[in-house]
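Structure record follows, encoded as structure tokens.
The values are calculated or read from the model by the stated rules, or taken from the named source; none is laboratory data. The shown structure was predicted, so the numbers you read here are calculated from the model rather than taken from an experiment. Cβ atoms come from the backbone with ideal geometry, glycine included; neighbour counts cover every protein chain shown. Ligands, DNA and RNA are stripped out before the accessible areas are found, and what is left, the full protein with its side chains, is counted by its heavy atoms. Shrake-Rupley method; radii C 1.70, N 1.55, O 1.52, S 1.80 Å.
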Amino acid sequence: QVQLVESGGGLVQAGGSLRLSCAASGRTFSSYVMGWFRQAPGKEREFVAAIRWSGGNTYYADSVKGRFTISRDNAKNTVSLQMNSLKPEDTAVYYCAASRSGSYYYLDEYDYWGQGTQVTVSS
């Protein structure tokens with residue numbers, strides 16, 4: 001059974017940093033793309049960042065490029081999202097997801113989702 005468990009969310013002031021982690025279990029993810037999405041109240045879930053487990057290619061939404069960094073730890077089977085220079089508009093529930101297809105941008109390309117972790121950035 002595939003499980004993705006996020007952690008690391010919380011409350012931070014604007015300009016601060018948080019590091020989210022996603023612990024993946026239940027299968028081998030070496031051929032997967034791992035992504036982070038977020039959903040703010042009243043808005044649709046949107047792509048934030050993704051990484052190919054094999055090769056490590058990374059992809060970012062324009063809104064977070066230069067501030068967020070996605071990485072993976074093969075030994076621990078975890079994917080992390082380092083978020084720096086946080087802004088109030090980054091406030092959302094952040095979700096980890098896994099895609100078998102190799103595509104990374106669209107929600108329906110992802111097969112497995114975590115439960116989400118809340119990130120709140122105060123001004």
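Restricting to region 63-82, name every residue that is of a type outside the set (S, T, N, Q), in contact (Cβ under 8 Å) with a residue 40 or more places away in the chain and farther than 16 Å from S99 by Cα.
K76, L81
N74 passes all but one of (1) open to solvent by less than 30 Å² (accessible area, probe 1.4 Å); (2) over 10 Å from L4 (Cβ atoms); which number fails?
Among (1) open to solvent by less than 30 Å² (accessible area, probe 1.4 Å); (2) over 10 Å from L4 (Cβ atoms), the lone unmet condition for N74 is (1).
Which residue out of S103, S85, S80 is outside any loop (DSSP other than H, G, I, E, B) and not basic (K, R)? Please lay out each step first, then the result.
Values: S103 fails: outside any loop (DSSP other than H, G, I, E, B); S85 fails: outside any loop (DSSP other than H, G, I, E, B).
Selected residue: S80, the only one of S103, S85, S80 that is outside any loop (DSSP other than H, G, I, E, B) and not basic (K, R).
Considering region 67-99 alone, what residues qualify as being over 15 Å from A14 (Cα atoms) and out of contact with any strand residue (DSSP E or B) (no Cβ under 8 Å at 6 or more places or on another chain)?
Answer for region 67-99, where residues must be over 15 Å from A14 (Cα atoms) and out of contact with any strand residue (DSSP E or B) (no Cβ under 8 Å at 6 or more places or on another chain): N74, A75.
Please specify each residue of region 106-123 satisfying the condition of being open to solvent by 70 Å² or more (accessible area, probe 1.4 Å), assigned to a loop (DSSP other than H, G, I, E, B) and not small (G, A, S).
Scanning region 106-123 gives Y106, Q115.
Yes/no matrix, rows are residues, columns are (1) in contact (Cβ under 8 Å) with a residue 60 or more places away in the chain; (2) open to solvent by 50 Å² or more (accessible area, probe 1.4 Å):
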residue	(1), (2)
V48	no, no
A61	no, no
D90	no, no
A97	yes, no
Y104	yes, yes
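Can you name the condition, by its number, that R38 falls short on among (1) charged (D, E, K, R); (2) touching a residue at least 60 places away in the same chain (Cβ under 8 Å); (3) open to solvent by 50 Å² or more (accessible area, probe 1.4 Å)?
So the condition that R38 fails would be (3).
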